[in-house]
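So the structure is just underneath, and the comments pick up after that.
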Amino acid sequence: MKRKLNKRDIVLVAIVLLFLIPQTSKPLQVLLHKGLSYLNQSSLIDNDERAKITYSNWKLQTDSKAILDFESTRGDVVLVNFWATWCPPCIAEMPSLQALYNDYNDKVNFLFVTSDTFEIVDGFKSKNDFTFEVYNPINEVPEELMTKSIPRTFVINKKGEIVIDETGAVDWNSSNVRSQLDQLLAE
């Protein structure tokens, strides 16, 4: 007996095909991750479980060839975001990071770290009207910030402790995150 396709089956097949077609796959993945970012909220790590940063000799370079010594961020609240221009969850969370950056860049050190070339990054930033500065690592990342998946975002408090460690797309412009940053800045 032959089974007749119903509307639900046709829609399911169409969605699967859209995820397989390169031109529609990435935008759909970004949209999916953007939706998930509203569910994936950041949370502060308990005091007794916080890792302390070893301010090693980590150096980063900006597209203007300026060098940042990570040591210079000691005593500040720092947000370190590891990302790439080709990564759908990274792309999904970038608008919220830009909005947070717009309001906190004079109080928090934002380090957007990628291995993408600055030529690719500049095109990505220009296309999306992003204004934050991007860094390429020059040498080995401190052990506490090592990651094998992106996006990965760390927030470090003034005492040099990792207080937020999130993997995957997050809505960084939420009132929850803003409250957490305000609390850290007041310490």
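Count Lys and Arg as plus one, Asp and Glu as minus one, and take only other residues whose Cβ is under 15 Å from that of Asn57; the net charge is then -3. Could you list, in their original order, any pairs among Lys65/Lys107; Lys7/Lys148; Lys52/Lys107; Lys59/Lys125; Lys7/Lys127 whose Cα atoms are separated by more than 31 Å? Distance filter (> 31 Å) returns Lys7/Lys148; Lys7/Lys127. Relative to the current alpha-carbon distance between Glu119 and Ala84, full extension at 0.36 nm per residue lengthens the span by 11.3 nm. Between Asn102 and Lys158, the FRET efficiency from the beta-carbon distance, with R0 = 25 Å, is close to 0.70. Sites listed here are GluC sites (Glu not before Pro) in region 128-176 whose DSSP assignment is loop and whose Cβ has at most 13 other Cβ atoms within 10 Å: Glu140.
In region 113-187, the alpha-carbon atoms span a convex hull of 122 Å³ per residue. A Förster radius of 30 Å, combined with the Cβ-Cβ distance separating Gln41 from Glu187, puts the computed FRET efficiency at roughly 0.90.
FYI, it's all coordinate maths here, none of it is from the lab. Everything numeric in this text was worked out from a predicted model, so none of it was measured. Ideal geometry is used to build each Cβ from the backbone, glycine not excepted, and the neighbour counts take in all protein chains shown.
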